[in-house]
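Nothing in this text is a laboratory measurement; each read-out follows from the coordinates by a stated rule. Being a predicted model, the structure only gives us computed values, none of them experimental. Here the Cβ positions follow ideal geometry from the backbone for every residue, glycine too, while neighbour counts run over all protein chains shown.
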Amino acid sequence: MIGVHLKNPAMIQKMKVAHRKLVEYAYELRPVERGYANRTLYINLSKNIVREKPVTSQMKEIFTGGRGFALKLLWDAVTPATKWNDPDNELVFANGPICGITAYPGTGKVTVVTLSPLTENVIDSNAGGYFAPYLKFAGFDALEIQGKAAEDVIVFIDGDTGRVTIETAPLEQVDSHLIANQLTVMYGEGDERSKRGIAVLSAGQAAENIRFALINSSWYDVRRKEIRLKQAGRGGAGRVFRDKRLKAIVVRCTDMGGDKNGVADMELIRKAGRRINKEITELDDIQNQMRKVGTAYIVEIMDHFNLLPVHNFRYGSHPDTYKIDSKVWKESFTQGMPDGCWLGCGMSCSHAVDQFPVLTGPYAGTRVLVDGPEYENAAGLGANIGNFDPQKILELNFYCDTYGVDTISFANSVAFAMECYEEGILKEELTGGLQLNFGNGEAALELLHQMADGEGFGVIVGQGVRFMKNYFVQTFGADLDFLNDIGMEIKGMEISEYGTKESLAQQGGYGLSTKGAQHDEAWLISMDQIQKQLPTFEDKAEALHYFPMWRTWFSLHGLCKLPWNDITPENNKDTAEPAKVPEHVDNYTMIHEGVTGKPTTPEMLIAQSERVYNFQKIFAMRMGRIGREHDYPPYRAMGPVTVDEYKSRQDHYDEQLRGLVKIEPAGLAIEERIAGLRDYRQKQYEQLLDAVYKRRGWDTNSVPMTEKLEELGINLPELLEVIETAKLQK
């Protein structure tokens with residue numbers, strides 16, 4: 001399988017002996033109390049400092065946990081002048097009070113917060129695996145890492161002995177599928193129980209060269225006897241990881257049990273757990289088959305509704321989609337075993353392809369375990385670059401993971417470069433001889449290997465769509481307006497793999513997302529486009545208030561969102577608001593109360609999120625992103641840009657011109673029809689922004705109003721100062 005070092009104890013011992021301990025810090029092991037360890041861990045790699053910080057009652061009240069804690073710690077560490085690669089920038093990893101319970105599915109998420117090399121602002125990203133619960137049970141609600149090491153190091157947090165060390169790591173591999181295995185054996189001390197007690201964070205060799213690098217979070221699969229990987233992919237946190245000379249962060253916690261969270265009422269948690277686990281057992285196979293195909297089940301659904309990104313989001317479907325749909329992945333995935341990425345998660349959606357034969361790159365000739373593909377990988381590495389070859393999708397998936405490359409940003413960046421090539425903006429002499437036509441999976445793999453090697457045109461692509469737009473204008477004389485129309489990024493972050501031309505609400509979901517265009521804030525396509533549940537601007541604004549706040553709540557507590565709405569009660573469609581899945585909202589109030597001991601209502605959960613959401617918005621303003629101008633998607637996310645794009649659905653667009661725009665298309669050139677439709681859709685989007693700002697309590701320039709902060713109880717002087725500065729700049 002992967003990496004001969006896993007079966008070579010002598011090599012592992014040689015690596016361990018080569019470590020040089022730079023600092024060792026001992027701390028008191030204490031039990032978790034009602035979801036909180038009540039302290040965070042601070043490490044400065046420049047100064048070799050390790051210390052604890054207390055978690056105050058005010059911190060819990062305002063910031064709750066998880067993403068909220070991480071944002072507050074980063075806010076205190078940086079200034080408006082701090083850049084992503086400054087030593088003062090931090091990587092902050094946090095769990096959350098519900099994170100780690102095993103009686104309810106989807107409670108193992110870690111949230112990563114940092115200043116991003118991709119967006120040049122604050123971002124958050126999340127990953128599964130065992131790291132977040134183990135960090136809490138080792139004694140900490142969050143880990144913040146500041147400074148830069150002088151050489152490659154490993155941070156080891158030993159929750160078994162109460163010890164933190166920073167150690168040099170000269171011999172370990174960098175790529176994640178190797179180093180995660182090596183360190184699991186090294187710190188797991190060989191036996192199966194000990195290896196299960198190890199979680200590793202790492203980023204591969206491409207993370208040293210590109211802006212959209214990810215961080216891998218590992219766990220040991222006791223059935224496969226292999227390391228598995230989940231990714232904190234968005235925003236380039238992996239680049240910050242390697243810039244700090246981190247090879248890995250390892251946490252050990254072998255004393256596991258279902259009561260480690262120190263909860264107030266275990267029976268209340270079990271009540272909610274029994275209810276949803278019964279639904280998963282009885283309904284998953286007839287609903288979405290998450291336990292057989294995971295999120296890849298929606299590939300053919302997106303294609304059917306013209307939502308699948310094809311050829312850099314030009315089109316929404318393709319006749320070859322059947323080659324990469326859920327039936328293909330169901331046959332590829334190993335079936336018949338629990339595939340959860342945290343203990344007790346019956347959702348079991350973390351599927352893998354075992355013994356996959358690698359054909360290219362440094363690991364050609366080996367057989368590896370590929371985690372995925374999930375929907376985003378199948379859609380992005382497949383349809384979006386015109387690649388309908390499952391072998392190449394899996395190989396791209398594997399190398400993106402082990403090299404430390406975000407698959408969404410990679411897919412969109414490659415698709416953008418391919419469109420530029422087909423439009424004549426790029427030529428072979430500019431791409432190093434690569435023919436970047438849509439469908440050229442070999443070229444996509446070569447770009448990926450170049451990102452890892454730090455050479456060739458792949459390094460340019462690895463800087464992301466926003467960088468390429470400016471680079472192609474300055475270097476090749478490209479038309480900036482056209483590139484802005486087709487460059488699928490917002491705020492510097494590449495858009496998730498869903499077409500949005502016919503969903504105004506989802507356009508707003510992407511455009512208004514604080515960190516950049518990521519669907520974890522709002523996925524409203526079904527409500528808006530398919531089910532027609534959001535007919536008015538006010539309806540859309542309400543959805544763009546509630547769902548981003550609701551989804552934020554998961555990241556405050558260390559939760560995965562999939563158990564919320566990828567399995568639903570049998571009678572959910574008959575409820576007043578089925579999109580909210582009311583029974584599951586009730587479950588979350590129960591588990592929150594069961595963990596913390598505090599009586600909980602859905603309104604209280606939304607209030608927790610509103611405080612943190614507005615804090616993150618103001619944080620982004622503090623770092624320079626002020627104003628309405630940052631909340632717009634590229635036009636391709638709103639409508640057709642090119643003549644071919646329009647012609648691909650000409651009857652549909654002509655009918656919209658007649659019925660909505662009140663323009664008769666007959667006799668008009670296609671370019672004139674595109675212009676008429678564009679004017680209408682852009683005006684619609686302006687009205688949407690106004691409605692959402694009003695609902696959120698922001699002014700028309702996308703700035704939270706002081707009255708909103710007072711209402712939320714976060715009218716802190718440092719936040720009011722940012723708002724006043726923003727108003728002066730306006």
The chain, dipole about Cα centre (Lys/Arg Cβ +1, Asp/Glu Cβ -1), debye to the nearest 20: 1780
Dipole axis of the chain (+1 Lys, Arg; -1 Asp, Glu on Cβ), positive-most option in Val368, Val465, Asn306: Val368
Dipole magnitude of the range 471-568, debye to nearest 20 (Cβ charges: Lys/Arg +1, Asp/Glu -1, about Cα centre): 300
Residues with amide H under 5 Å from that of Val368, placed H, sequence gap 5 or more: Gln355, Phe356, Val358
Per-selection Kirkwood Rh - the range 285-494 (Cα, Å, 1 d.p.): 17.6
J(HN,Hα) series, the range 289-298, from Karplus relation 6.51 cos²θ - 1.76 cosθ + 1.60, nearest Hz, glycine and proline x: 6, 4, 7, 10, 10, x, 5, 5, 4, 8
Rounded to whole Hz, the Karplus (6.51, -1.76, 1.60) HN-Hα couplings of the range 617-626, x for glycine and proline: 4, 5, 4, 4, 5, 4, 8, x, 9, 10
Percentage relative contact order, the chain, counting C-alpha pairs under 8 Å, at least six apart: 14
Residues in the range 678-692 that a label on Thr700 would reach, taking backbone N under 14 Å of a point 7 Å out along Cα→Cβ: 686-692
Signed unit charges on C-beta, dipole axis of the range 285-494, positive-most listed residue Gly454, Ala378, Ser348: Ser348
Mean separation of Cα contacts under 8 Å, 6 or more apart, over the residue count of the range 365-410: relative contact order %: 41
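P(r) tail for the range 234-339, what percent of Cα pairs lie past 17 Å?
Value for the range 234-339: 74 percent of Cα pairs lie more than 17 Å apart.
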The range 285-494 - percent relative contact order, Cα under 8 Å, separation 6 or more: 17
Mean Cβ neighbour count within 10 Å, used as a protection proxy, ranking 219-226, 54-61, 290-297 highest first: 290-297, 219-226, 54-61
Part-to-part distance (alpha-carbon centres) for the range 497-569 and the range 473-493, which is given in Å: 26
Dipole axis of the range 504-729 (+1 Lys, Arg; -1 Asp, Glu on Cβ), positive-most option in Ala669, Thr575, Thr536: Ala669
Theoretical gain in end-to-end length, Val17 to Leu716 [0.36 nm per residue, Cα-Cα removed]: 246.6 nm
Relative pair counts by distance (%), Cα atoms of the range 266-409, 5 Å bins: 2, 10, 18, 19, 17, 14, 10, 6, 3, 1, 0
Rounded to whole Hz, the Karplus (6.51, -1.76, 1.60) HN-Hα couplings of the range 707-722, x for glycine and proline: 4, 5, 5, 5, 4, 7, x, 10, 7, 7, x, 5, 7, 4, 5, 5
Amide proton proximity set for Asp699, modelled H, under 5 Å, gap of 5+: Met705
Neighbour-count order for Ile393, Ile324, Ile626, fewest beta carbons within 10 angstrom listed first: Ile626, Ile324, Ile393
Inter-probe distance in nm under a simple model that places probes 7 Å from Cα toward Cβ, at Arg274 and Thr360: 5.3
Fewest-first ranking of His519, His557, using other Cβ atoms within 10 Å as the exposure measure: His519, His557
Among 45-53, 378-386, 593-601, the order from most to least packed when residues are scored by Cβ within 10 Å on average: 378-386, 593-601, 45-53
Cβ crowding within 10 Å averaged over residues, with 198-207, 173-182 ranked highest first: 198-207, 173-182
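Which translational diffusion coefficient, to the nearest whole µm²/s, is obtained for the range 380-520 from the Stokes-Einstein equation, given a Kirkwood hydrodynamic radius over C-alpha pairs, 25 °C and 0.890 mPa s?
After rounding, the answer is 161 µm²/s.
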Long-range HN-HN contacts of Leu22 with modeled amide H, under 5 Å: Ile166, Glu167, Thr168
Gyration tensor (alpha-carbon) shape descriptor, the range 1-154, a/c threshold 1.5: oblate
Given charges at beta-carbon only (K, R positive; D, E negative), |dipole| of the range 372-439 in Debye: 60
Calculated FRET efficiency for the pair Gln682/Thr475, C-beta based, R₀ 30 Å, to 0.05: 0.55
Per-residue [θ]222 nm for the chain (sum of -39500 (n - 2.57) over DSSP H runs n ≥ 4, rounded to 500): -12000 deg cm²/dmol
The chain pair-distance distribution - Cα-Cα, 20 Å bins, rounded %: 18, 55, 26, 1
Förster radius 51 Å - calculated FRET efficiency between Asn437 and Ile286 (Cβ-Cβ, nearest 0.05): 0.80
